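The values are calculated or read from the model by the stated rules, or taken from the named source; none is laboratory data. On a predicted model such as this, the values are computed, not experimentally measured, just so you know. Glycine also receives a Cβ, built like all others from the backbone with ideal geometry; neighbour counts cover every protein chain displayed. What goes into the accessible areas is simple: the full protein's heavy atoms, side chains included, and nothing from ligands, DNA or RNA. Shrake-Rupley method; radii C 1.70, N 1.55, O 1.52, S 1.80 Å.
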Amino acid sequence: MESDFLIPFLKRIQVLISEQVRLSHLGLENVRTTCGADVAYRGDVGVAVVVCKGDEERVSTVKGKVGFPYIPGYLFMREAPIIMKALEGVRFDLLLVDGHGLAHPRRSGIATVMGVLLKVPTIGIAKSRLAGEVVKEGDREYLLLQGERVGVKVGRYYYSPGNLVDLDDVLELSGKGYPEVLREADRLSKKLAKESDE
DNA sequence: GCGACAG
DNA sequence: ATCTTGTCGC
């Protein structure tokens, strides 16, 4: 499909990024504004939507041709560019991304990549598993990767730290149900993608 | 080689 | 993710 040198190259970028992650405690009580980002498609045209709630409420949208295919493990190459464009000028304390954070083969999911590149707190929330094993511990299910807890599964969703947050922040967020900002970003992006050619 | 595989 | 109607079930 792709060249034989692109994937190895991207792998190195991911390893480098994962080494820059800081798992510090954010404390959701200090979060004034939370944003959720998602992307919907119409062929090769993507529509990125960022929905923010809290002190600063706003919606940002960017539509454009996406020049990279979806390759498991490399989602950031397809969606991070257009999402980051939609984030320009947007202020927030926490960014929620549709996809994984540390729960990735190289601890470098899209939430982690964006968190490190933008130097902002991020948490990844995915609808299915990519890496790690689900292990029950008491009343909850954790995602274990290389013997380390890299996330938690609540209902059909997987939550994992992206950057500048810790597992406690993720556990607290996961206990509040699927984030409204993500639900709205998902709904609006799909709506705009569908209308983009009708 | 075989199975797995975010959106 | 997207292509797609109705239908089974809580």
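Kindly establish whether A:Val62 is of a type in the set (A, V, I, L, M, F, W, C), within 16 Å of DNA strand C (Cβ to nearest atom), assigned to a strand (DSSP E or B) and out of contact with any Leu (no Cβ under 8 Å at 6 or more places or on another chain). Judged against the criteria, A:Val62 is a match.
State whether the residues of the stretch A:38-50 include one that is surrounded by 14 or more Cβ atoms within 10 Å (Cβ to Cβ) and more than 18 Å from the chain's Cα centre (by Cα). Give the steps one after another, and end with the answer.
Within the stretch A:38-50, the first condition is being surrounded by 14 or more Cβ atoms within 10 Å (Cβ to Cβ), and the residues that meet it are A:38-42, A:45-50.
Remaining after also requiring more than 18 Å from the chain's Cα centre (by Cα): A:42, A:45.
Yes, the stretch A:38-50 contains at least one residue that is surrounded by 14 or more Cβ atoms within 10 Å (Cβ to Cβ) and more than 18 Å from the chain's Cα centre (by Cα).
Within the stretch A:67-99, the set of residues being open to solvent by 20 Å² or more (accessible area, probe 1.4 Å) and in a loop (DSSP other than H, G, I, E, B) comprises A:Gly67, A:Phe68, A:Pro69, A:Tyr70, A:Ile71, A:Pro72, A:Glu88, A:Gly89, A:Arg91, A:Phe92, A:Asp93. Any residue at all in the stretch A:145-155 that's touching a strand residue (DSSP E or B) at 6+ places or on another chain (Cβ under 8 Å) and within 15 Å of DNA strand C (Cβ to nearest atom)? Scanning the stretch A:145-155 turns up no residue that is touching a strand residue (DSSP E or B) at 6+ places or on another chain (Cβ under 8 Å) and within 15 Å of DNA strand C (Cβ to nearest atom). Close Cβ contacts (under 8 Å, 6 or more residues apart or on different chains) running from residues in the stretch A:41-55 that are in contact (Cβ under 8 Å) with a residue 40 or more places away in the chain and farther than 19 Å from A:Ala111 by Cβ to residues that are part of a strand (DSSP E or B) and more than 12 Å from DNA strand B (Cβ to nearest atom) comprise A:Val45/A:Lys63; A:Val45/A:Gly64; A:Val45/A:Lys65; A:Val47/A:Thr61; A:Val47/A:Val62; A:Val47/A:Lys63. Residue under question is A:Pro8, and the condition is that it be in contact with a Phe, Trp or Tyr (Cβ under 9 Å, 6 or more places away or on another chain), part of a helix (DSSP H, G or I) and open to solvent by 50 Å² or more (accessible area, probe 1.4 Å); does it hold? Criteria not met by A:Pro8. Has the stretch A:125-133 got any residue that is away from DNA strand B (no atom under 16 Å from the Cβ) and either hydrophobic (A, V, I, L, M, F, W, C) or open to solvent by 40 Å² or more (accessible area, probe 1.4 Å) (or both)? Looking through the stretch A:125-133, none of the residues is away from DNA strand B (no atom under 16 Å from the Cβ) and either hydrophobic (A, V, I, L, M, F, W, C) or open to solvent by 40 Å² or more (accessible area, probe 1.4 Å) (or both). Just one of the listed residues (A:Ser60, A:Ser108) is surrounded by 20 or more Cβ atoms within 10 Å (Cβ to Cβ) and polar (S, T, N, Q), and it is A:Ser108.
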